[in-house]
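A quick write-up on the structure given underneath.
The values are calculated or read from the model by the stated rules, or taken from the named source; none is laboratory data. Predicted model, so just to flag it, every value in this text is computed and none were measured. Cβ placement follows ideal geometry from the backbone for every residue including glycine, while neighbour counts extend to all protein chains displayed.
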Amino acid sequence: MFKLYVASTEIESGTIPISWCVSKDKLKELARHGVEDPQVILCVVPEEHYHPTKEYRKVVPLKDLMTYVEFRHPGKNKIYGVMSFKYKEEARNDYLSKTYRRGYDTDMLSVDGEDWKPAWRGVTHKHSVSVDVPSDCFAPEPLAWEKAWVNHHFKLKCTDQCHFRKRRMFAYTVQPIMMVFNLVFRLLVLTLAVLVGARNLREWKRAFKPLTYEWTHLFEMFKGGTIFVLKPKTEEPHNIWAFLWWSAKSIWPIVFMPLLTVPLLILAWANAGAALTVLYVIGLALLIIVFVIIAGVLVFSTIKRRTKKRVKQFWYTEMEHLVCDGTSKPTSVSKLPRKHRTIKLRLSELKAMVCRPFAG
């Protein structure tokens, strides 16, 4: 048996604590199978207008005793929870991997989101709780112009106020500098398009709209070719001599194109020594990075081996805090046993108080 607990089904915040318990038989089964660190998979979905992209999932260790979940939609919501026998990395890869704008790669629920998927309906270590989330639990949306500026370099929208504040710090410190370089690059591309006589130069306005058009869109100006090379005829030349004659007539105006290659070659020759120095520094930096990564992996594997025995003893020394005994389990950090009041949970509690989620 596996059961979820919330303090109240009448929700007053967009982020709430949730705890769980497990039957003693199920814990013994985990120990018997040698599962060192089983995980709890949580999935929050709206009960109305369900769609897989509206799911919010979280994977947390069973031994944490509780966690915090966010809501993304007002109205009736359902919290699904299931205990996984998989390791943390495997569980996260299986249940949290997702495709952009297509939801999670692994299904947990039925097509309509009203029940578990058929393959899981006979599983005993799962549970669900329904709650009602008022619309005033969510944070108000930022101003449209600020949201466009802050989210300019990100594909996904912000999930909560803290997420938006982090992006805002970047947007008002680093992003203006990036925008200056971006604008310089756009002006260089536009200048190049003018110098080579790009036929599609009517798209020049894209260079001055960085929030609307990506820098890659500027190369649309070059798709029509150059005015210094005549457009090909619709019919192909009937023989090789006709083709050569037509080609010669087509490309002769290219001699009037502004000569860009000569100054570029002179500049490259003058800075050959500097370029070699830069390549040397980059190579040395890459070697240092590789060394640090390898050393970190070795240290991590050593620590993991030394703590493996202690992790295996978890089921025999702290089992009583997880066992379902007919009473409600703590749904606040202050009510947990002292050794389980981790920094991670305290930070999650603080975030729940100061960071309201945005409605999806």
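Could you please find all residues in segment 144-158 being hydrophobic (A, V, I, L, M, F, W, C), part of a helix (DSSP H, G or I) and surrounded by 15 or more Cβ atoms within 10 Å (Cβ to Cβ)?
So in segment 144-158, the residues hydrophobic (A, V, I, L, M, F, W, C) come out as 144-145, 148-150, 154, 156, 158.
In the following step, the residues that additionally are part of a helix (DSSP H, G or I) were identified as 144-145, 148-150.
Of everything in segment 144-158, those that are hydrophobic (A, V, I, L, M, F, W, C), part of a helix (DSSP H, G or I) and surrounded by 15 or more Cβ atoms within 10 Å (Cβ to Cβ) turn out to be TRP149, VAL150.
There is at least one residue in segment 339-346 that is closer than 14 Å to CYS21 by Cβ and either surrounded by fewer than 15 Cβ atoms within 10 Å (Cβ to Cβ) or modelled with pLDDT under 90 (or both).
Conditions tested, residue by residue: (1) surrounded by 15 or more Cβ atoms within 10 Å (Cβ to Cβ); (2) charged (D, E, K, R); (3) within 30 Å of MET83 (Cα to Cα); (4) modelled with pLDDT under 90.
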{"site": "ASP160", "(1), (2), (3), (4)": "yes, yes, yes, no"}
{"site": "GLN175", "(1), (2), (3), (4)": "yes, no, no, no"}
{"site": "PHE185", "(1), (2), (3), (4)": "no, no, no, yes"}
{"site": "LEU192", "(1), (2), (3), (4)": "yes, no, no, yes"}
{"site": "ALA198", "(1), (2), (3), (4)": "yes, no, no, yes"}
{"site": "ALA207", "(1), (2), (3), (4)": "yes, no, no, yes"}
{"site": "PHE222", "(1), (2), (3), (4)": "yes, no, no, yes"}
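Scanning segment 137-188 for residues that are within 29 Å of MET353 (Cα to Cα) and among the aromatic types (Phe, Trp, Tyr) returns PHE138, TRP145, TRP149, PHE154, PHE164, PHE170, TYR172.
Residue-level check: of (1) touching a residue at least 40 places away in the same chain (Cβ under 8 Å); (2) farther than 25 Å from ALA139 by Cβ, PHE71 misses just (2).
State whether the residues of segment 114-131 include one that is of a type outside the set (D, E, K, R), in contact with a His (Cβ under 8 Å, 6 or more places away or on another chain) and either loosely packed, with under 14 Cβ neighbours inside 10 Å or not in a helix (DSSP H, G or I) (or both). No - not one qualifying residue is present in segment 114-131. A single member of LYS78, LYS26 is closer than 22 Å to GLY326 by Cβ, surrounded by fewer than 21 Cβ atoms within 10 Å (Cβ to Cβ) and touching a residue at least 40 places away in the same chain (Cβ under 8 Å), and it is LYS26.
Looking at the structure I just gave you, is VAL35 part of a loop (DSSP other than H, G, I, E, B), of a type in the set (Val, Ile, Thr) and without any contact (Cβ under 8 Å) to a residue 60 or more places away in the chain? Yes, satisfied.
Checking each residue in segment 181-212 for being outside any helix (DSSP H, G or I) and closer than 30 Å to ALA144 by Cα picks out LYS209, PRO210, LEU211, THR212.
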